[in-house]
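Everything on this sheet refers to the single structure shown next.
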Amino acid sequence: TGSCSPLHARVLALISQLPHKHYTLCMDNLYMSARFCRLAYSMDQKVMVHGVTRQALRGIPAVVKQDEVTGKDDLEKVRNTVKVAVLKGDEVIKDLVAISIYDTKPVYLLSNACEGVNWVSKERKVYDTKKLKLFPLKFHRLNVIDFYNFNMGNVDQADQLRNHYRIDSSWHRNRKWWWAIWWWGYQVLLTNSYVVYTNFHRIHDSKETLSHYDY
């Protein structure tokens with residue numbers, strides 16, 4: 001890990017403490033790159049990495065890159081366009097997959113944990129403003145995005161809950177650098193305890209729960 005960035009070196013150090021092999025690690029675009037995927041799989045734990053990434057300087061091959069469009073008509077033409085490339089012949093990592101899908105703009109993913117790329121049928125309830133009721137709506141989502149959303153949901157939820165009523169600010173960081181770490185840990189503790197609190201009341205069908213603000 002000597003040639004890694006400090007960020008990746010710290011993540012790899014955490015991976016080295018895992019007791020077993022063949023974990024799947026979901027990462028956001030701050031961490032993801034083809035090089036990081038290769039390094040994670042080269043370790044004894046053989047960790048497979050899956051997640052969204054940025055287009056530039058992250059190992060995305062030119063064959064899956066999509067040009068961003070601005071016109072409404074052009075956007076309708078390219079929306080849901082999917083491009084896929086698979087890395088072959090690498091002696092360390094097997095079948096690293098690079099994927100792009102055009103949503104409102106191109107979205108890129110890297111994965112050596114997916115077995116295929118296909119559309120899956122999903123359903124969610126939407127509110128009809130005319131009938132004032134919820135109705136089921138079927139739609140399709142790319143399986144690799146569905147897998148990422150499902151596994152990253154708890155992380156995103158934790159960040160969202162913590163950010164609603166943050167105690168720390170830039171002032172804390174400017175006073176003492178370690179205050180930022182301490183306050184982050186303290187607020188994560190509060191967030192986790194709130195999640196446990198709401199789960200307890202839901203399991204016992206209790207309606208007498210405090211709001212997030214009151215808690």
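List of remarks:
- Efficiency of FRET from Cβ geometry, F150 and S5, R₀ 30 Å, rounded to 0.05: 0.60
- Distance violations [Cα-Cα > 24 Å] among K72/K130; K46/K88; K65/K94; K105/K131; K77/K138; K65/K88: K72/K130; K105/K131
- Packing rank of 94-106, 176-188, 116-128, where each peptide gets the mean count of other beta carbons within 10 Å, highest leading: 94-106, 176-188, 116-128
- Segment W119-S206, length gained on full extension (0.36 nm per residue, minus Cα span): 27.4 nm
- L134 versus V82: modelled label distance in nm, points set 7 Å from Cα along the beta carbon direction: 2.8
- Site pair N199 and D168 shows an inter-label distance of 2.4 nm when each label is modelled 7 Å from Cα along Cα→Cβ.
- Legend: helices of the chain (whole DSSP H runs) are marked when their alpha-carbon atoms reach 20 angstrom or more along the helix axis and their mean Kyte-Doolittle hydropathy is at least -0.5; marked are 177-203.
- Probe 1.4 Å, all protein chains present, accessible-area order of F150, F135, largest first: F150, F135
- Here segment 118-168 is treated as a sphere whose radius is the Kirkwood value from Cα pairs; by Stokes-Einstein at 25 °C and 0.890 mPa s it diffuses with a coefficient of 181 µm²/s.
- All Cα-Cα separations within segment 11-138 were binned at 10 Å from zero, giving a P(r) of 11, 34, 28, 17, 8, 2, each value a whole percent of the pairs.
- Just the protein heavy atoms count here, and of the accessible area of the chain at 1.4 Å, carbon and sulfur take up 54 percent.
- Residues in segment 75-105 reached by a label modelled at N29 [backbone nitrogen below 20 Å; 7 Å Cα→Cβ]: 75-76, 78-85, 97-105
- The alpha-carbon of K176 sits under 13 angstrom from the alpha-carbons of these aspartates and glutamates, leaving out residues fewer than 8 places away in its chain: D168.
- Charge context of F139, other residues only, Cβ under 9 angstrom, K/R +1, D/E -1: +3
- Per-residue [θ]222 nm for the chain (sum of -39500 (n - 2.57) over DSSP H runs n ≥ 4, rounded to 500): -12000 deg cm²/dmol
- Of [x] 32, 29, 19; [y] 35, 23, 16; [z] 43, 23, 15, the label for semi-axes √(5λ) of the Cα gyration tensor in Å derived from the coordinates: [x]
The values are calculated or read from the model by the stated rules, or taken from the named source; none is laboratory data. Fair warning: this is a prediction, and the values are worked out from it, not measured in the lab. All Cβ positions, glycine included, derive from the backbone under ideal geometry; neighbour counts span all protein chains shown. Only protein heavy atoms, including side chains, enter the accessible area calculation; ligands, DNA and RNA are left aside. Shrake-Rupley method; radii C 1.70, N 1.55, O 1.52, S 1.80 Å.
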